[in-house]
Every structure is written in structure tokens, then in C-alpha cells.
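Note sheet for the following structure.
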Amino acid sequence: MTQIVQRKIVVDDAVPYAKSIFASLGEVDTLPGRDIQREHLLDADALIIRSRTQVNEALLADTAVKFVGSTVVGLDHIDQNYLQDSNIHFYSAQGCNANSVAEFVIHALVLLAEEQGFDLSQKTLGIIGVGHVGSRLEKKAKALGMHCLLNDPPRARQENSNAFSSLEETLQADIISVHTPLTFDGRDKTHLLIGKEQLASLSSEQILVNAARGGIVNENELKNTQLAAKIIDCWENEPNIDQELLQQSFMATPHIAGHSFEAKLAGSTMVYENLCHFWNEKIDNNWQTELPPRPDPIEVVNSDHWQSGLLEVLQKTHLIKNDDAAIRENSDQFERYRRNYPIHREWYIHGVKKTKNQKLNLILETLGFDLLPVL
Ligand SMILES: NC(=O)C1=CN([C@@H]2O[C@H](COP(=O)(O)OP(=O)(O)OC[C@H]3O[C@@H](n4cnc5c(N)ncnc54)[C@H](O)[C@@H]3O)[C@@H](O)[C@H]2O)C=CC1
Ligand SMILES: O=C(O)C(=O)[C@H](O)COP(=O)(O)O
């Protein structure tokens, strides 16, 4: 009689469809990511997390865990050396939420441009860190007619390419957006990469976006730096973020740039499939019958100008200002809002009825919207 292996999987309860997705592989226990402790893992075979669980020896020593899967991208909460030395398999869903972050940045900039009365197509965008997120952002920004400066020393060295600019050159762009990991050592370490010297070089006409990690930008110096706008999604000391900087920001959001429905789902399914491979089990996607239907097609009311027409469409996919209001009124809501983040779908899921503005139609299609004929 073959012994049926009953495995146990502990999953951050912020992983969508956790019970449905992983049920085919064993017993699934879900807990808030911040609350997962060593005693929960003593007889667990796999641990599935997001960003709120610190994965290290203190968490895993003398437990049964042999697989750790991260359904997010950042790695600064993972002691990868410990996992490797302990022969614990680690998989991270790299790129799963890149499109979501790129859409967040473009949406915030279109809102800012409409509110401050400038045309994004006349602006340069400096992208610091041109990986999964930065490269998608570049493509979207170019769809709006923006000129991009790219800074990514590791890629520049590896690709021996002159497509990249120095940090100093990139910081001269009208708009600067940071998309590097948070790293504390090595020649390309990013902790305080945008520090006192870099911020002092900026003019009050420039715009800074941080949807990467708190700590890449020196927040104390940023508070003393006059800019046209600060758009901050990632903060030092989350969830206890700097209130003065929050009030200074054009947009202050609780680390939700990567929280589209598709991004969260991609992270979960990428980890699930890697765990199936690790345990040599068949992939079972029957849970996908639970997915929500596509939203109704969007109809543009005023398409006279491409930028205001685009903002109308973006706002109909997701009211990004709600993500700001959620913590501006009460920053104690930072974690609660993130853990109960309302579903918003990525642009490619949305149909938009063709408008009379051909430039707007082309931009919408290039940004990934499904352009529908007007019947
Ligand atoms: N706000 C949010 O919800 C999200 C935040 N993130 C953050 O954004 C970061 C980037 O995400 P991905 O693009 O998916 O990662 P990625 O690893 O694909 O790209 C990061 C890029 O940064 C470059 N880089 C590293 N050090 C650098 C330096 N000193 N200067 C300039 N470039 C440097 C790398 O060469 C790489 O091309 C993640 O590490 C994560 O911390 C990612 C997803 C969601
Ligand atoms: O992927 C990353 O890195 C992120 O910053 C994610 O947006 C973190 O998501 P949560 O774990 O905070 O839900």
C-alpha cells in the first residue's frame, strides 16, 4: 500500500485564491504575512509569501520547510544565502507585477499633467532601473510621445550598450522614476542612491516618482527638496510613513503600485507552477473558473484632446486618487487598505470603444487596451 504524502503549505492570506490554487497540493493554512512565525512552520513543507514576511534563519531553523515561494518581486525581505546554505528551494515570481507598476506610474503622471496643465509628450522621463518594470514603463511613456533617458549600470556593463545614460544625466529629466531593487552592498547598491547630492541637483520644476522601495531615496533630504511634484508609493519604515512627506506629495499611496488583480494572480500562479514542478505534481488550473468576468467596455465622453481623453479612460479603469485618499485622511489605514485592496484590472483586460480622435485611439491600443469598433 503506497503511503499518500499529505503535505502542508503555509500561505500569506494576501495571496489571492490561495486555498483554491494550492489545495491540489496539500493542506493549506493561511495567515497574515506579518503574523507568520516559526511555530506555524514546524511541520510545513512549503511557505508561500508576499513582501510582509521576513524569510531568514529565525523563521525557518529546524522547521520542515523545503520550499519557499515569493509571489512578489522584491527580494529585500529574503535571506537568500540562508536558504541556499540550508538547501531550501527558493522561487520568486520575478516580473509578475511589472505591468501593474508601469500602469500606475503612467496613470499618476497623466493625472498630474492634467491637473498642472502640461503635455506629457513634451516631457523627458528618466528611468532609473530598466528591468521588468522600467522597460515596460519606457514603452508606455514612448506611446505618449515622451523621450526617455535610461539609467541601469548593471545592464549597461553587461550589454556593453550606449543606450544608457549616467545617473547624473538621467536626473536632468523633467520626470524621474525609480525602479531598482533596494540593495545595501556591491558597486550598484541602491540604498540612498538618490541622496542629498542628487536631490540638490534637481530643480523645482522636476517631478520624482518612487514606486520601487523606500530607502532608495533619502526621505529626510527629499522633504527639504522643492519639486513640482512628488509621487510616492514606497516609503521608508512602512507602514509608519513620514507624515510631512505624505502631505508634501502630489500622490501618496500605500505601496499598491503592483497590486492589480492580474499582478497578484500572476504571482500566485507562477509560484504554484514552480511548486508543482518541485514536487513533480500535475498542474491543476480548475480554480480559474472562479475568476471575475471582464469589465464592461469603456466609452469615452470627451476625446477632443488625447491626454484628457486618456485620463478619462484610465480613471474608468481605476480611481487612483482613492489609493491616495485612503492614507491621506488616516495613515493608520496603510496596512488595512493594502490587505483589502479593491480589485482593479490591468488595461489589456479593458475594451474601449473607438473614439473620433485617431491619436488617442493609437495611444490606447499601444498601451494595451482592446480597441472596439463602434457598432
Ligand atoms: N511598488 C510596488 O508595488 C512594486 C515595487 N517593486 C520594486 O521595484 C523593483 C524593480 O522591479 P523589477 O523591474 O521587476 O525588477 P528587475 O530586477 O527586473 O529590474 C531592476 C533593474 O534595476 C537595475 N539596477 C540594479 N541596481 C541599479 C542601480 N544602482 N542603478 C540603476 N539600475 C540598477 C537592474 O540591473 C535591473 O535591470 C523591485 O526590486 C521592487 O523592489 C516591484 C514591483 C511592485
Ligand atoms: O513585488 C514587490 O516587490 C512589491 O512591492 C509588491 O507590490 C509587494 O506586495 P505586498 O506583499 O506588499 O502585497
Study note, to complete from the structure: Just one listed residue, out of V271, V300, V352, is touching an Asp or Glu at 6+ places or on another chain (Cβ under 6 Å) and among the hydrophobic types (A, V, I, L, M, F, W, C), and it is V300
Point to revise | Residue list for the range 212-230, filter: touching a Phe, Trp or Tyr at 6+ places or on another chain (Cβ under 6 Å) and within 14 Å of ligand 1 (Cβ to nearest atom) | key: G214
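Conditions tested, residue by residue: (1) buried (at least 21 other Cβ atoms within 10 Å of the Cβ); (2) more than 28 Å from M146 (Cβ to Cβ); (3) away from ligand 2 (no atom under 16 Å from the Cβ).
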{"residue": "G258", "(1), (2), (3)": "yes, no, no"}
{"residue": "T269", "(1), (2), (3)": "no, yes, no"}
{"residue": "C276", "(1), (2), (3)": "no, yes, yes"}
{"residue": "T289", "(1), (2), (3)": "no, yes, yes"}
{"residue": "E299", "(1), (2), (3)": "no, no, yes"}
{"residue": "Q307", "(1), (2), (3)": "no, no, yes"}
{"residue": "V313", "(1), (2), (3)": "yes, no, yes"}
Check your understanding: Somewhere in the range 271-286, is a residue in contact (Cβ under 8 Å) with a residue 40 or more places away in the chain, aliphatic (A, V, I, L, M) and under 30 Å from F67 (Cα atoms)?
Key -> yes
Check your understanding: Which pairs have Cβ atoms under 9 Å, sit 6 or more apart or on different chains, and link a residue in the range 172-191 that is within 15 Å of ligand 2 (Cβ to nearest atom) and basic (K, R) to one that is assigned to a loop (DSSP other than H, G, I, E, B) and open to solvent by 50 Å² or more (accessible area, probe 1.4 Å)?
Key -> none
Practice item. Of all residues in the range 240-275, count the ones that are in contact with a Lys or Arg (Cβ under 7 Å, 6 or more places away or on another chain) and part of a helix (DSSP H, G or I). Key: 6
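Kindly indicate whether L83 is in a helix (DSSP H, G or I) and either charged (D, E, K, R) or over 21 Å from L202 (Cα atoms) (or both). Outline the logic, then answer.
Values: in a helix (DSSP H, G or I): yes; either charged (D, E, K, R) or over 21 Å from L202 (Cα atoms) (or both): yes.
Criteria met by L83.
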Point to revise | Single residue of the range 139-195 satisfying the filter (in contact with a Lys or Arg (Cβ under 7 Å, 6 or more places away or on another chain) and not in a loop (DSSP other than H, G, I, E, B)) that is most open to solvent (accessible area, probe 1.4 Å) | key: C148
Check your understanding: Can you name the number of the only condition in (1) touching a His at 6+ places or on another chain (Cβ under 7 Å); (2) under 27 Å from S70 (Cα atoms) that T124 fails?
Key -> (2)
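Among the candidates S70, S100, S92, single out the residue that is within 16 Å of ligand 2 (Cβ to nearest atom), surrounded by 18 or more Cβ atoms within 10 Å (Cβ to Cβ) and without any contact (Cβ under 8 Å) to a residue 40 or more places away in the chain.
On the way: S70 fails: without any contact (Cβ under 8 Å) to a residue 40 or more places away in the chain; S100 fails: without any contact (Cβ under 8 Å) to a residue 40 or more places away in the chain.
The unique qualifying residue is S92.
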Check your understanding: What residue, of Q122, Q84, Q116, Q80, is within 16 Å of ligand 1 (Cβ to nearest atom) and open to solvent by 50 Å² or more (accessible area, probe 1.4 Å)?
Key -> Q80
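Any idea which residue in the range 73-89 is nearest to the chain's Cα centre (by Cα), counting only those that are away from ligand 2 (no atom under 14 Å from the Cβ) and touching a residue at least 12 places away in the same chain (Cβ under 8 Å)?
We begin by selecting, within the range 73-89, every residue away from ligand 2 (no atom under 14 Å from the Cβ); these are 79-89.
Adding the requirement that they be touching a residue at least 12 places away in the same chain (Cβ under 8 Å) leaves 79, 82-83, 86-89.
Details: D79: 21, Y82: 26, L83: 24, S86: 29, N87: 29, I88: 26, H89: 24 Å.
So the residue we want is D79.
The values are calculated or read from the model by the stated rules, or taken from the named source; none is laboratory data. Source: prediction; values computed, not measured. Using ideal geometry, Cβ is built from the backbone for each residue, glycine included, and neighbour counts are taken over all protein chains shown. When the accessible area is computed, the model is the full protein with side chains, heavy atoms only, and any ligands, DNA or RNA have been set aside. Shrake-Rupley method; radii C 1.70, N 1.55, O 1.52, S 1.80 Å.
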